[in-house]
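Okay, structure first, notes after.
The values are calculated or read from the model by the stated rules, or taken from the named source; none is laboratory data. Model, not experiment: these values are computed from the prediction. Note: ideal-geometry Cβ built from the backbone for every residue, glycine included; neighbour counts use all protein chains shown.
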Amino acid sequence: MSGLTQDEARRVEQVGAKVQRLRDQLRRRIVGLDGPIEELLCAVFAQGHSLLVGVPGLAKTLLISSISESLSLDFRRIQFTPDLMPSDITGTMVIGRDPSGERRFVFQPGPIFANIVLADEINRTPPKTQAALMEALEERQVTCAGTKYALPEPFFVLATQNPIEQEGTYQLPVAQLDRFMFMINVDYPSFAEEYDVMKLTTSSYGAKLEPVFSTEEILEAHRLVRRVRVPDDLLRYAMALTRRTRSTSGVAPAFVREWLAWGGGPRATQNLLLGAKARALLQGRAEATAEDVRAVIHPAMRHRIMLSYHAEAEAISADEVITELVASTPAPDRRAAAG
């Protein structure tokens with residue numbers, strides 16, 4: 001891959017400095033969640049969608065709305081319920097008047113026409129309505145009455161899901177899960193973090209956020225992410241991690257053949273590399289490293305591998321398989337490459 005120009009390298013450093021300001025600002029409103037914040041920012045700057053999984057009350061919605069506020073992007077929230085219809089998301093045709101005053105059918109855009117769309121509790125709506133998101137997630141457009149309508153740029157779907165409640169929910173199909181760049185786990189806070197949350201949320205304190213990035217700067221960052229350099233040995237390392245999750249690939253280790261029924265496809269490697277590039281950009285670096293790949297492999301891979309019955313019987317999680325995979329896969333030796 002060709003290197004960045006001097007101007008692009010300078011802009012990469014500027015993005016890194018501004019992202020640090022963004023992190024500092026978010027911490028004034030969001031206590032803890034440093035890991036989810038970093039993963040969500042990686043997805044946003046790589047122009048990818050994300051699914052946040054966690055029990056209610058962990059500030060998932062607040063995190064998403066705070067990021068949209070800091071990025072000066074148009075934000076819409078869609079509360080997914082069992083009675084939600086596809087047209088409630090995408091929009092529908094209504095009778096209106098054209099410029100000449102004649103009555104005709106016109107398209108009334110739905111709430112998905114925004115820069116950041118919060119799909120709250122996405123697994124609470126039936127598959128028919130979930131499927132209305134597929135075209136938007138993949139092609140960033142909506143089709144109504146045979147006409148295609150482009151969604152605004154940038155466009156992200158940031159969805160939330162409650163992992164413990166099963167009644168009245170509909171599991172997302174694998175094909176739809178694969179359209180999300182990252183699945184981000186949001187866990188309980190530590191004692192110190194929860195103490196700070198109680199102090200802030202039960203007082204009159206209210207953090208005001210100011211936009212750190214403009215829409216044009218976000219679009220420019222998307223272009224810069226694609227320009228971040230990935231050495232050939234790092235690309236092969238990312239491919240090896242994905243290919244070793246496939247039990248029939250011939251390179252899968254014994255624990256993968258025992259614990260996984262299905263491994264990641266090429267889209268897993270694509271998102272692994274884009275996430276690593278975005279992480280490098282967020283830190284003001286023009287070249288991705290193996291550490292960047294390892295930092296994003298859990299959110300990029302955990303929803304793209306399927307556990308075997310044996311793993312489920314032994315209570316083995318997808319994250320444990322990924323951790324073992326990283327530990328058993330040799331990373332590129334940058335010192336040898338430099339020499």
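Going by the conditions given, is ARG294 free of Cβ contacts under 8 Å to residues at least 24 places away in the same chain and of a type in the set (Lys, Arg)?
On the way: free of Cβ contacts under 8 Å to residues at least 24 places away in the same chain: no; of a type in the set (Lys, Arg): yes.
So ARG294 fails the test.
Scan the stretch 232-246 for residues that are surrounded by 21 or more Cβ atoms within 10 Å (Cβ to Cβ) and without any contact (Cβ under 8 Å) to a residue 60 or more places away in the chain and jot them down.
ALA238, THR242
Test each condition in (1) without any contact (Cβ under 8 Å) to a residue 60 or more places away in the chain; (2) under 18 Å from GLN47 (Cα atoms); (3) in contact with a strand residue (DSSP E or B) (Cβ under 9 Å, 6 or more places away or on another chain) for ARG229 and report the one that comes out false.
Going through the list (1) without any contact (Cβ under 8 Å) to a residue 60 or more places away in the chain; (2) under 18 Å from GLN47 (Cα atoms); (3) in contact with a strand residue (DSSP E or B) (Cβ under 9 Å, 6 or more places away or on another chain), ARG229 breaks only (1).
Scan the stretch 311-322 and report the pairs whose first residue is in contact (Cβ under 8 Å) with a residue 12 or more places away in the chain and in the same structural domain as THR245 (by TED's automatic domain parsing) and whose second residue is surrounded by 14 or more Cβ atoms within 10 Å (Cβ to Cβ) and among the β-branched types (Val, Ile, Thr), with Cβ atoms within less than 9 Å and a gap of 6+ or a chain change.
Matching pairs, first to second residue: ALA311/VAL321; ALA318/ILE305; VAL321/THR245; VAL321/VAL256; VAL321/ILE305; ILE322/THR245; ILE322/ILE297; ILE322/ILE305.
I need the full set of residues from the stretch 273-291 which are under 25 Å from LEU52 (Cβ atoms) and in contact (Cβ under 8 Å) with a residue 24 or more places away in the chain, in order please.
Those that are under 25 Å from LEU52 (Cβ atoms) and in contact (Cβ under 8 Å) with a residue 24 or more places away in the chain: LEU273, LEU274, GLY275, ALA276, LYS277, ALA278, ARG279, ALA280, LEU281, LEU282, GLN283, ALA288.
Given the structure, is GLN130 in the same structural domain as GLN47 (by TED's automatic domain parsing) and farther than 30 Å from GLY264 by Cβ?
The answer is no for GLN130.
Just checking, how many residues over the stretch 251-272 are touching a residue at least 24 places away in the same chain (Cβ under 8 Å) and in a helix (DSSP H, G or I)?
Summing the residues that are touching a residue at least 24 places away in the same chain (Cβ under 8 Å) and in a helix (DSSP H, G or I) in the stretch 251-272 gives 10.
Can you say whether ALA327 is part of a helix (DSSP H, G or I), over 15 Å from PRO231 (Cβ atoms) and touching a Gly at 6+ places or on another chain (Cβ under 9 Å), as far as the supplied structure shows?
Spelling it out, it is not the case that ALA327 is part of a helix (DSSP H, G or I), over 15 Å from PRO231 (Cβ atoms) and touching a Gly at 6+ places or on another chain (Cβ under 9 Å).
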